[in-house]
Amino acid sequence: MLFLIFLILAIIIFNLLFKETRWDWNKINLDSITFPKSFIWGTATASHQVEGNCKNNWSEFEKGFKNNGKPNIKDAQISGLACDHWQRYKSDIELIKSIGVKHYRFSLEWSKIEPELGVFNDEALNHYSDVIDELLKNNIEPVITLHHFSHPIWFDKLGAFEKEKNISHLVSFCDKVFSHYSNRVKYWCTINEPGVVAIQGYFTGMFPPGEKNGQKAGEVYKNLLESHVQIYKSLKKLPNGNSVKIGIVKNINQFDPWNRYNIFDWLFTFAMNHVFNWAPINFFKTGKLKFRVPGLIWNSHINKDAVKSLDFFGLNYYSHNHIRFNPFSKDYSDLMYKKNDIMTDMPYTIYAEGIYRAIKLVSKLNLPIIITENGVADKEDSIRSEYIKKYLFAVSKSIKDGYNVVGYYYWSLMDNFEWAFGYDMRFGLFEVDFENQKRTLKKGAKAYINIIKTQSNE
Ligand code: GAL
């Protein structure tokens, strides 16, 4: 009884002290956002989402169905030709140039470069070499992602990241491409969103291989983080290793309790924040990885090399969710939304305070931070402009408050294949008509272009 009273009092005091961060947007002038002149503006894509004709773990998954008979991808859509970026990269680079950004983050499609284990395709290697040259010719810095969700089918057949010994295959691939491009490419991102690959692939089953096995999710998560460390070490030993910047790309998936007076909502929120955000950050801080959610994800791993394995932190930020614990729902929780929140087309709201909180969290690592992805799915293009201004206000505020954020890449250059949601989610600065591949600048994108224009040197 005494314990219960203590607990209730503790929750009340805690809530009085710590409120969910909410700014009064009526008092904020979104037209007076300022950034340092050196700030890097960019945009991003990923191979499987834009290139077309990929044969990899995702293209296989796109053909499949879940146990309940529903297709793996919404309405059984397939990536297919995507944005045909493989053929159209030159005109797409003109689009990149036209919006005034100076960095383009894109990923290499491992399955095209190494279609069979140890067999490298020169045409694909030359293709990316041409992309890099074309970017440089246009004064745009290429930023390469080495693994962005997709990998070759042969790698999947070997068990992909379920087995620690498979990491060496990814490292060999990275060594190979690094030796080709590192004389021209200064920024390298190793793994995109390890937590998403592990949890969506092995816990919710929304991503390939579509499994629901918490133990495996923990193992895969650990192996992805470990892959980063091994890739970093290997690339640093190669020519140009010391002159390039290598980082991981990690999304901060933010969770707050739905009911701040409900201990179960708090506990589940802690568990989610722990798995998605705190444990991996702690790994880079201490070299110790500990997942501690009994029955769901339980794993521990030590690699002291993790501590000095980042030249920058690539922060992706999209989502803030309120969690209501529900033992009867399939993921043990319900995602909840506040009445006045503005929804995007994805199951997230506009909550720009969240990117500030995420920056604050990852700044514990004392590294330069690049916002490697942030953007909005907005088919009607009715909230994009507001979204961009609010999130950039939050980023600019973080810089004024002393956080070391050096760049921002809007996701995405153009509408593309949004994984399990197919082509329904429209993140692009440019609208793509998938019937004829026509690209059209969206009205909402102008907010980004204007901010870049007023804040850049030239
Ligand atoms: C990220 C992912 C991107 C893109 C984005 C929008 O998780 O890295 O490829 O899909 O989400 O939802």
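Measuring from centroid to centroid over Cα atoms, what is the spacing of region 379-422 and region 337-365 in Å?
Region 379-422 and region 337-365 have Cα centres separated by 11 Å.
Can you give the helix-only mean residue ellipticity at 222 nm for the chain, where every DSSP H stretch with n ≥ 4 adds -39500 (n - 2.57) and the sum goes over all residues, rounded to the nearest 500 deg cm²/dmol?
Details: 15 runs with 169 residues, N = 458.
It comes out at -11500 deg cm²/dmol, rounded to the nearest 500.
Describe numerically, in nm with one decimal, the distance between label points set 7 Å from Cα along Cα→Cβ at residue 65 and at residue 360.
Result for the modelled spin labels: 4.9 nm.
Grab the Cα-Cα distance for residue 245 and residue 438, subtract it from 0.36 nm times how many residues apart they are, and report the gain in nm with one decimal.
66.0 nm is the gain from fully extending residue 245 to residue 438.
Just grab the label-to-label distance for residue 379 and residue 121, each label 7 Å out from Cα along the Cβ direction, in nm (one decimal).
About 3.3 nm separates the two model spin labels.
Let me cross-check residue 156: its accessible surface, 1.4 Å probe, with only protein heavy atoms counted, in Å² to the nearest 10?
Here the accessible area works out near 60 Å².
Put a dot 7 Å past each Cα toward the Cβ at residue 403 and residue 168; how far apart are the dots in nm?
Placing both labels 7 Å along Cα→Cβ, they lie 4.1 nm apart.
Starting at the first residue of region 117-131, write each ³J(HN,Hα) from the Karplus equation 6.51 cos²θ - 1.76 cosθ + 1.60 with θ = phi - 60°, in whole Hz, x for Gly and Pro.
3, x, 10, 9, 9, 5, 4, 5, 4, 5, 4, 5, 5, 5, 4
With only Lys, Arg, Asp and Glu charged, each at its Cβ (+1 for the first two, -1 for the last two), find how big the charge dipole of the chain is about the Cα centre; round to the nearest 20 debye. Please list the in-between numbers first.
Working: 57 positive and 49 negative charges, 307 e Å.
It comes to approximately 1480 debye.
How large is the convex hull of the Cα atoms of region 11-161 per residue, expressed in Å³ as a whole number?
Cα convex hull per residue, to the nearest whole number: 242 Å³.
Quick one: 3J(HN,Hα) in Hz for region 271-281, Karplus 6.51/-1.76/1.60 with θ = phi - 60°, rounded, Gly and Pro as x.
Per residue, the Karplus-derived 3J(HN,Hα) values read 4, 5, 5, 4, 5, 6, 10, 6, 4, x, 5 Hz.
Using 0.36 nm per residue, how much length does the chain from residue 342 to residue 27 gain when fully extended, once their Cα-Cα distance is taken away?
111.6 nm
How much area per residue is accessible in the chain when the probe is 1.4 Å and only protein heavy atoms are counted (Å²)?
Ligands and nucleic acids excluded, the figure is 43 Å² per residue.
Could you state the principal axis extents of the C-alpha atoms in the chain, from the largest down, to the nearest angstrom?
Principal extents (Cα only, largest first): 72, 51, 46 Å.
State the percentage of accessible surface on the chain attributable to carbon and sulfur atoms; use a 1.4 Å probe and exclude ligands, DNA and RNA. Don't jump to the answer; show the numbers that get you there.
Numbers: 10710 of 19550 Å².
Whole-percent figure for carbon plus sulfur exposure: 55.
Residue 203: net charge of surrounding residues, Cβ under 9 Å, Lys/Arg +1, Asp/Glu -1, itself excluded?
For residues surrounding residue 203, the net value is 0.
Counting Lys and Arg as +1 and Asp and Glu as -1, each charge on the Cβ, what is the dipole of region 342-422 about the Cα centre in debye, to the nearest 20?
520 debye
For region 350-458, what mean projected area does the convex hull of the alpha carbons give, in nm²?
Taking a quarter of the hull surface, the average projection is 7.9 nm².
Figure the gain on full extension for residue 261 and residue 16 (residue separation times 0.36 nm, minus the Cα-Cα span) and round it to one decimal in nm.
87.1 nm
Using the Karplus curve 6.51 cos²θ - 1.76 cosθ + 1.60 with θ = phi - 60°, what ³J(HN,Hα) values do you get for each residue of region 340-346, in whole Hz, with x for Gly and Pro?
8, 5, 8, 7, 9, 6, 7
Taking the Cβ-Cβ separation of residue 329 and residue 1 as r and a Förster radius of 30 Å, what is the calculated FRET efficiency to the nearest 0.05?
Given R0 = 30 Å and the Cβ-Cβ separation, E is 0.45.
Please find the FRET efficiency linking residue 237 to residue 176, where r is the Cβ-Cβ separation and R0 is fixed at 22 Å, and quote it to the nearest 0.05.
0.95
Using amide H atoms built in the peptide plane, which far-off residues or other-chain residues are under 5 Å from residue 82 H to H?
Placed amide hydrogens put 53 under 5 Å from residue 82.
The values are calculated or read from the model by the stated rules, or taken from the named source; none is laboratory data. Computed from a predicted model, the values in this text were never measured in an experiment. All Cβ positions, glycine included, derive from the backbone under ideal geometry; neighbour counts span all protein chains shown. What goes into the accessible areas is simple: the full protein's heavy atoms, side chains included, and nothing from ligands, DNA or RNA. Shrake-Rupley method; radii C 1.70, N 1.55, O 1.52, S 1.80 Å.
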